[in-house]
Amino acid sequence: MLENRELAAHEQAMEILNNLAASFHIVTISRIKGIVGEELLRQALDIIQSRHPLLNSRIIAKKNSFYFESGADKIPLSVVKKQQIEDWEEVVIEELNQKINSDKNLLRVTLVNFEEEENIFYLITTIHHAIADASSCIQLHSEILTNCQEIIEGKTQTNINQLPQLPVIDKLIPKSIRGFTGKINNIFYLLGLKLQLLKYKPLTVGFEKSVPLESRRCGMVHRKLDSELTASLLEVCRQQKTTVQAALGAAMLFAVAEKTNNQTKNNYFSFRSSVNLRQRLQPQISSDNLGAIASAVLSFHNFQVNDNFWDLARDIKLKLEKGLANGEAFRQIFTFKSIMKSFLKNPYQSAVSAALTNIGRINIPHNYGQLELEEISFVPAQAAFGGVFAAAVSTFREQMLLNFMYSQPSLSNETIENLADVTISIISDVCNQ
């Protein structure tokens, strides 16, 4: 049973963005081999809605705030027929630019079939970021496919094991970050962040065209690394004593530096690393539980286009570790609403050179009886945030999938395709050196 409660500050910020510019919801995409009909998927969705309290919730505005309330409609399910396999990207872009009707439900699902491939389909879910993060979205797809498998095999679920509702994240974060002392420290954190932005003035790809928030759309460019290059990247990162997250970040910053054509010694770039907090809480939170249990760390880096790639990657890794150690990722949870409000006052400026959310290696099954999960990736809606080069990355079955998301028309599709190709070319070069 859902316990009605007020949204936490960062959850409120996500609802504001959803209403203002159809932004920050998460679209998750699975390519599946097999045959799934609308009736089968409907049954599987009814089971997950019974199991997850937040899927029975909606968001109501009252008393100058937002509240989770029970009484959500049944999860909307659409079935779309497309001609060619590549057309799945059209459906994803449509989903990225359609707000969540949060007063009715917080998840919708699309099943995409193809005329030229009868045994391939795409499962696309669109979920409100206030109730989910990337890791729980991935796990939710695995749960849906497991339900489909069990229904096909004739296993009926009469007693569905409903998951407990998580407490508000404010109560899970270390005491040193919350309470009166935490509030004071969070104020100093925001002041320090503003001073850093004034001091470093990070270079970004900028705005090619400026339009109001409500006129912006989210675009996406999809890329892949084959299994050989993915394995090479993992190995060379180990050799260079850094992480894949940091290496991808370095490649993205080098691509931005090349785009800005500025090679003076005093160049500063900023990098936003998304962080999964589930394993950093006490007690730890399983990905089975829906919730927005993720944050970010913003770091600043001084380098020239010709600086050593691996030095930059190690610098990104070091500053991310420092941000995690000093509690910055937790502070972002409490200050995200304030940061977002500051952004809304200056929507034609960007403080982030590049942003990366990397879920890493996905550890869910690929075989679900008659169904085989071939690929899975995710992408957060990015319409509101102009002038940012951003990517969402996942690795499944030894292959890395990269979804580069961006705000249109502040950046064009041609610009992002070029930045994405330069990023992958840099990765390929450093792996082959």
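The values are calculated or read from the model by the stated rules, or taken from the named source; none is laboratory data. All values derive from a computational prediction rather than experimental measurement. Counting neighbours? That spans all protein chains shown, and the Cβs are built from the backbone with ideal geometry, glycine included. Quick note on the areas: whole protein, heavy atoms, side chains included, nothing else; ligands and nucleic acids left out. Shrake-Rupley method; radii C 1.70, N 1.55, O 1.52, S 1.80 Å.
The table for this structure:
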read-out: Residue match in the stretch 274-289 (condition: out of contact with any helix residue (DSSP H, G or I) (no Cβ under 6 Å at 6 or more places or on another chain), of a type in the set (A, V, I, L, M), touching a residue at least 40 places away in the same chain (Cβ under 8 Å) and farther than 18 Å from Leu193 by Cα); value: yes
read-out: Any hit, the stretch 200-222, residues being within 23 Å of Ser425 (Cβ to Cβ), open to solvent by 90 Å² or more (accessible area, probe 1.4 Å) and within 23 Å of the chain's Cα centre (by Cα); value: no
read-out: Tally, over the stretch 81-118, of residues that are open to solvent by 30 Å² or more (accessible area, probe 1.4 Å) and in contact with a Phe, Trp or Tyr (Cβ under 9 Å, 6 or more places away or on another chain); value: 5
read-out: Restricting the stretch 349-395 to residues that are touching a Gly at 6+ places or on another chain (Cβ under 7 Å) and of a type outside the set (Gly, Ala, Ser), the residue that is nearest to Val422 (Cα to Cα); value: Leu356
read-out: Residues (among the small types (Gly, Ala, Ser) and in contact with a Phe, Trp or Tyr (Cβ under 9 Å, 6 or more places away or on another chain)) located in the stretch 177-202; value: Gly182
read-out: The stretch 33-59, subset open to solvent by 40 Å² or more (accessible area, probe 1.4 Å) and not basic (Lys, Arg), residue nearest to Thr110 (Cα to Cα); value: Glu38
read-out: Neighbours by Cβ (under 6 Å, 6+ apart or cross-chain): first from the stretch 143-160, under 10 Å from Leu40 (Cβ atoms); second among the charged types (D, E, K, R) and at pLDDT 90 or above; value: none
read-out: Those residues of the stretch 145-173 which are part of a loop (DSSP other than H, G, I, E, B), farther than 20 Å from Ala292 by Cβ and β-branched (Val, Ile, Thr), in sequence order; value: Thr156, Thr158, Ile160
read-out: Selection within the stretch 174-189 - in a helix (DSSP H, G or I) and surrounded by fewer than 16 Cβ atoms within 10 Å (Cβ to Cβ); value: Gly179, Phe180, Thr181, Lys183, Ile184, Ile187, Phe188
